[in-house]
1. Can you name the number of the only condition in (1) within 22 Å of residue 46 (Cβ to Cβ); (2) surrounded by fewer than 21 Cβ atoms within 10 Å (Cβ to Cβ) that residue 137 fails?
2. Regarding residue 37, is this residue crowded, with 24+ Cβ neighbours inside 10 Å, in the same structural domain as residue 107 (by TED's automatic domain parsing) and in a loop (DSSP other than H, G, I, E, B)?
3. Output the helices (runs of 4 or more DSSP H) that fall wholly within the stretch 215-302 and possess 1 or more residues being closer than 25 Å to residue 102 by Cβ and touching a helix residue (DSSP H, G or I) at 6+ places or on another chain (Cβ under 6 Å), or say none.
4. So which residues in the stretch 143-158 are touching a residue at least 40 places away in the same chain (Cβ under 8 Å) and surrounded by fewer than 19 Cβ atoms within 10 Å (Cβ to Cβ), if there are any at all?
5. I'd like the full set of residues that are under 16 Å from residue 73 (Cβ atoms) and assigned to a loop (DSSP other than H, G, I, E, B), limited to the stretch 22-34.
6. I'd like the full set of residues that are closer than 21 Å to residue 407 by Cβ and out of contact with any strand residue (DSSP E or B) (no Cβ under 8 Å at 6 or more places or on another chain), limited to the stretch 471-502.
7. Kindly establish whether residue 71 is in a loop (DSSP other than H, G, I, E, B) and out of contact with any helix residue (DSSP H, G or I) (no Cβ under 8 Å at 6 or more places or on another chain).
8. The conditions are (1) closer than 26 Å to residue 237 by Cα; (2) surrounded by fewer than 16 Cβ atoms within 10 Å (Cβ to Cβ); (3) assigned by TED's automatic domain parsing to the domain that holds residue 60, and residue 161 fails exactly one of them. Which is it?
């Protein structure tokens, strides 16, 4: 049949679901379309089909799944590339199969003939005037599977949105049409929990203006979109997205203007959301859909500068191995596109690969940061691929870090109630120093409320935060960047080395009797510390001895002033009486810094050293 005269035989292809499925034979492999595009009427009709020994293969499916019911186990056996809720019990009980594979490689598996498809059940829009039907909300592996199938049965639904891009099939390719004018399955995500919001806030801090992001669906991605409202010129390249991006598009936050691949376009493979989303993407030229062997190809993803991938995990061990598809021996979901996007983002110019997870599960009964992965758990993303790991407790940057640095970083973002045991296990495995102080990570509360930003005189933006036990390497780098003069002014000697034994006391503090701030440039995880200041409280006097040091190339640019003034602010919040400092009389910069605070100051000079006592003034309550 010529594509130009498709009208003449269109009516001949219309059948009931029961009649259309008569083409199924024992031994066939049946493919079912994905996610919210699952053809609900056709799938439901499988329950009434008197047939045996049919394999059903699919990606994530939503809605009805009678073929996974125990009573139909003799007739159908599902084989899922990604385990959705409607087949999870069948897989875990051995009545269905799971095929672990990268999402980007599934179309090739099907096209090569390694997994031939006899019949494909899909859902499409009615044909346009040229005879082309759109796959609508799910292109993913559905289009490649349909193109490779020997027979295609299409559920034609006028309520399916017509999506643009590589998302069409001509009606002449369809063997049977089953009409079904019903609402498209909606995937509604519950409101984000407080934990999800905290994780999202930490992730948002990593996303720069002009980034292209993989957004996903679920509580954390939805919460993340809320925290992106102050960003500029974001783009989207993802396998799936949901309703949350609509508001960001309409507010101008997402405009795809600075994308280096497909500028001005949202690139995706499928959507999961509400009718509002389906109406929004209908015939909308901003959205361009492609099969997953394109959207999830790491080499394609990497062509987006500042690409940010965001993927979830079930467990992460202390060396950085990520499990995302199983709970021990029980398969839970699938590999999906996680590693596709991790590797694509990692190779992007300025890209970031982020793994997110809640720090606990089962109502805080178990930690998701673990000494070793659970027995039977699979490694979805290797320790060599992992860059950022984010929980509600903070961000751990692992790429290029030693096992010792990784373990400390991950313990620092684990739930506090599990940190003591994690420290114990890390020491037993010789992952961290045997003398690693435990109190700063286990007992002390990191005061994130003291994190802030500031601009230097030359316009450089710096991040100021309390010091962390994980800053040891960065502080070592800072020390070895100092000139001899800077070292002498800070330590009153020409100190030549700063080994672990000395450095440990600088980064492990209680945030009560001792406080230390660092000035940081570059994003979290790739940070460079350019200055630090601290105080130690003398409980007998109520005064705190202070010290400050700044990297030579950043001196005379306001770093010291910003740090010192902020340290004073914190000290006043803690109601300290004041500061006392010891400054060499040749260190004129430090002397001027302290005398410009506007607080009463007492000066005493002896043997070339000034003792400066700065007393804080408090107004009456």
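1. Of the numbered conditions (1) within 22 Å of residue 46 (Cβ to Cβ); (2) surrounded by fewer than 21 Cβ atoms within 10 Å (Cβ to Cβ), the odd one out for residue 137 is (2).
2. Against the criterion (crowded, with 24+ Cβ neighbours inside 10 Å, in the same structural domain as residue 107 (by TED's automatic domain parsing) and in a loop (DSSP other than H, G, I, E, B)), residue 37 qualifies.
3. So the answer is 219-227, 292-295, 298-301.
4. Within the stretch 143-158, 151 is the sole residue that qualifies.
5. 26
6. 472, 473, 476, 499, 500, 501
7. Spelling it out, it is not the case that residue 71 is in a loop (DSSP other than H, G, I, E, B) and out of contact with any helix residue (DSSP H, G or I) (no Cβ under 8 Å at 6 or more places or on another chain).
8. (2)
The values are calculated or read from the model by the stated rules, or taken from the named source; none is laboratory data. All figures in this text were calculated on a predicted structure; none of them were measured in a lab. Because the Cβ atoms are built from the backbone with ideal geometry, glycine has one as well, and the counts that use them run over all protein chains shown.
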